[in-house]
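Novice: One structure follows; several queries about it will come next.
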Amino acid sequence: MPAPEVPDDVVIGQLDRTVRARLRGLTKENAEAVGRHLLMVGQLLDVDPELAYEHAQAAVRRGGRVDVVREAAGLAAYRTERYAEALRELRTVRRLNGSSEHLPVMADCERGLGRPERAIALAAEPEAETLPGESRIELAIVVSGARLDLGQPEAAVAVLDTALARSAKGAAEVRVAQARATALEAAGRVDEARAELSRYTPEQLAESSGEIELDEEIVVFDLDEGDDESGEADDADAREGAAAAEVVDASRDADDASDVDVASDVDDAAPHGDDSTDVDDAAPHGDDSTEAGDGSGTAAGEVGDEARDGTGA
């Protein structure tokens, strides 16, 4: 599949320095190409998610061993509702760098695939307690939606009655209110649901509904175009591409095997096929989570799942 074109004025020097540093394992020429595709992912994710996804896939084909590349692929897949693929890519990121920062998105993917139990299980992992407050609030919204999926409206309300959820500010505050109103209405507490939303304008409610707000670290521009920090590897570009392709293929096999196991536990409602994959040798955090999506599950701009149950996972 040919890579989408990148405008000439998009250059790797615009990419955040920390992200450029992660591309050091690639040859200079390959790092340049991958970095430019990552910039396009960031620019297009909100305005043309399908094209952003194509750029992410082009970056994976060239640099599939790099965590920020797989992260971009996972977030683009999530934004285009390829939940199974997004989950697999974000599992790979977790194995590569040990970070659990994308647990809310992974849990929402679980919902998107019709597996609310898996979303709840992800939120109960010890790593969830290490997330910053804003991410834990997003995770609570997803769990509330998952409880609704399971026909547990009072439990869905309770998840958002905590001090943490009530401490949300800005757009997150509105998303919590929307999720809580959906849960209250499902519990037959219609007046309380109306009161929950009465504090906000229609514009605020519209702006805050949707998918989980994604971390935009991969799209940060570095206006200081100093030294290009992407170092050169000893391999030639062709060998880099081949090695990355091998990793992707190996990951795909590992993920397919993993999904078969998951399918035996839960009915997979996954609507979207996946060709993305994980790295087998990536390390410590194995994931058997799966996709999610809807109900009171995701913060503003979140998975479009809000539409699913009116709340937004």
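Novice: Report relative contact order for region 1-97 in percent, whole number only (criteria: Cα-Cα under 8 Å, sequence separation at least 6).
Specialist: It rounds to 23 percent for region 1-97.
Novice: Which order results if Y83, Y200, Y53 are arranged by neighbouring Cβ count within 10 Å, fewest first?
Specialist: Ranked by crowding around the Cβ, least crowded first: Y200, Y53, Y83.
Novice: Here's something else I'd like to know. Roughly how many nanometres apart are two label points built 7 Å out from the Cα toward the Cβ at E154 and E29?
Specialist: Reported label-point gap for E154 and E29 is 6.7 nm.
Novice: Related question: Order the peptides 116-125, 151-160, 34-43 from the highest to the lowest mean number of other Cβ atoms within 10 Å of their residues.
Specialist: 34-43, 116-125, 151-160
Novice: In terms of modelled amide H atoms, which long-range or inter-chain residues lie less than 5 Å from the amide H of L15?
Specialist: D222
Novice: Can I ask one more? Note the full-extension length gain between D8 and V47 as 0.36 nm times their separation in residues minus their Cα-Cα distance, in nm to one decimal.
Specialist: Length gained between D8 and V47: 12.1 nm.
Novice: So, in nm, how far is label E129 from label T18 when the simple model puts each one 7 Å beyond its Cα toward the Cβ?
Specialist: It works out to 2.5 nm between the two label points.
Novice: Would you report the distance distribution of C-alpha pairs in region 96-144 as whole percents per 5 angstrom bin, up to the bin with the largest distance?
Specialist: 5, 25, 35, 22, 11, 2
Novice: Does region 55-103 come out rounded, prolate or oblate by the C-alpha gyration tensor, with a ≥ b ≥ c the root eigenvalues, rounded set by a/c under 1.5 and, if not, prolate when a/b is larger than b/c and oblate if not?
Specialist: Oblate, since a/c reaches 1.5 and b/c is not below a/b.
Novice: HN-Hα J couplings of region 56-69 from phi, Karplus 6.51/-1.76/1.60, θ = phi - 60°, integer Hz, Gly and Pro as x?
Specialist: Karplus-based 3J(HN,Hα) across region 56-69 equals 5, 5, 5, 5, 5, 4, 9, x, x, 8, 9, 4, 5, 5 Hz.
Novice: Please give the peptides 128-135, 84-91 ranked by average Cβ packing (other Cβ atoms within 10 Å per residue), highest first, as a rough proxy for protection.
Specialist: Top to bottom by mean Cβ count within 10 Å: 84-91, 128-135.
Every number here is computed from the coordinates shown, using simple stated rules; none is lab data. Remember, predicted model here, so these are calculated numbers, not experimental data. Every residue, glycine as well, gets a Cβ built from its backbone with ideal geometry; the counts of neighbours run over all protein chains shown.
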